[in-house]
Amino acid sequence: MKVTFLGHAAFLLEEKGVGLVFDPFLTGNPQAAAKPEDLKVGYVLVSHAHHDHLGDAVDIARRQGAVIVSTAEVAGLCSKQGAKTAAMHIGGKNPFEFGTIRIVQAFHGAGVEGGHACGFVVNFFGKNVYFAGDTGLFGDMELIGRLEPLDLALLPIGGNYTMGIDDAVLAVEMLRPKAVIPMHYNTWPVIKADPEEFKRKVLARQKVDVRILTPGQSTDF
Ligand code: NI
Ligand code: MN
């Protein structure tokens, strides 16, 4: 599985010709490492409707005929704008051509009335990837790690709107993933954080494969 960091909280997963992107905020993203028209994806997963997550999702979905997977309220918003959607909700787990998508809770605003922010556990050709979205730390991360043993966790570390470094270190302890990539930091001064500090603090507590990616960088799992 090839994982590419597109900047902020946008990640691209690719394997066997299938592309899946999380929270593709590219237009207006000072870290953006791709243009919406460059992405070849069949699936666009949106954690919530804040602009730095919903981003170019509808544009990409319409351009590619890709399906937006999100909670019902966010999917409804995208559907009204002409995107193909798969509306799910927290606790749901559905099969897709690459494996499965499970939607899990996130403690954050939805960005749409009556909605919830969410995270995703995606089984992508056999690898379990947890994308936390925007969230504060919560104790049930322990449970998420037990539901599906995680090969990779994508976790926010920037603080202010989400977990900061020290809380994200505890999140890694609870999730017990094999590997971690930090996200949602340094896009703007308000979420300034040092990913090397995160890595040091995680490694001081446990053996985990912490990979820090610069926008545009890819890594294989
Ligand atoms: Ni947000
Ligand atoms: Mn955000």
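Being open to solvent by 10 Å² or more (accessible area, probe 1.4 Å), in contact with a strand residue (DSSP E or B) (Cβ under 9 Å, 6 or more places away or on another chain) and farther than 20 Å from residue 134 by Cβ is the filter here, so list the residues in the stretch 177-199 that pass it.
178, 199
Looking for whichever is more than 16 Å from ligand 1 (Cβ to nearest atom), in contact (Cβ under 8 Å) with a residue 12 or more places away in the chain and over 19 Å from residue 130 (Cβ atoms) here; the options are 33, 57. Which one fits?
The match here is 33.
Tell me which of these residue 64 doesn't satisfy, since it passes every other one: (1) at pLDDT below 95; (2) closer than 30 Å to residue 192 by Cβ.
Unmet for residue 64, out of (1) at pLDDT below 95; (2) closer than 30 Å to residue 192 by Cβ: (2).
Within the set of pairs 6 or more residues apart or between chains, which connect a residue that is on the phi > 0 side of the Ramachandran plot inside the stretch 96-124 to a residue that is modelled with pLDDT of 95 or more and in a strand (DSSP E or B) with Cβ atoms less than 6 Å apart?
99/123; 99/124
Looking at (1) of a type in the set (A, V, I, L, M); (2) closer than 21 Å to residue 87 by Cβ; (3) within 16 Å of ligand 1 (Cβ to nearest atom), which is the one condition that is false for residue 121?
Failed condition: (3).
I need the full set of residues from the stretch 148-183 which are within 17 Å of residue 125 (Cα to Cα) and outside any loop (DSSP other than H, G, I, E, B), in order please.
152, 153, 179
Since residue 69 meets every condition but one in (1) within 16 Å of ligand 1 (Cβ to nearest atom); (2) in contact with a Ser or Thr (Cβ under 8 Å, 6 or more places away or on another chain), which condition does it not meet?
(1)
Specify the residue that is nearest to residue 47 (Cα to Cα); the eligible residues are those in the stretch 124-148 that are within 15 Å of ligand 1 (Cβ to nearest atom) and not acidic (Asp, Glu).
Ranking the candidates gives 133 first.
The values are calculated or read from the model by the stated rules, or taken from the named source; none is laboratory data. None of the values given here were measured: they were computed from a predicted structure. Every residue, glycine as well, gets a Cβ built from its backbone with ideal geometry; the counts of neighbours run over all protein chains shown. In case anyone asks, the SASA skips ligands and DNA or RNA and just uses the protein heavy atoms, side chains included. Shrake-Rupley method; radii C 1.70, N 1.55, O 1.52, S 1.80 Å.
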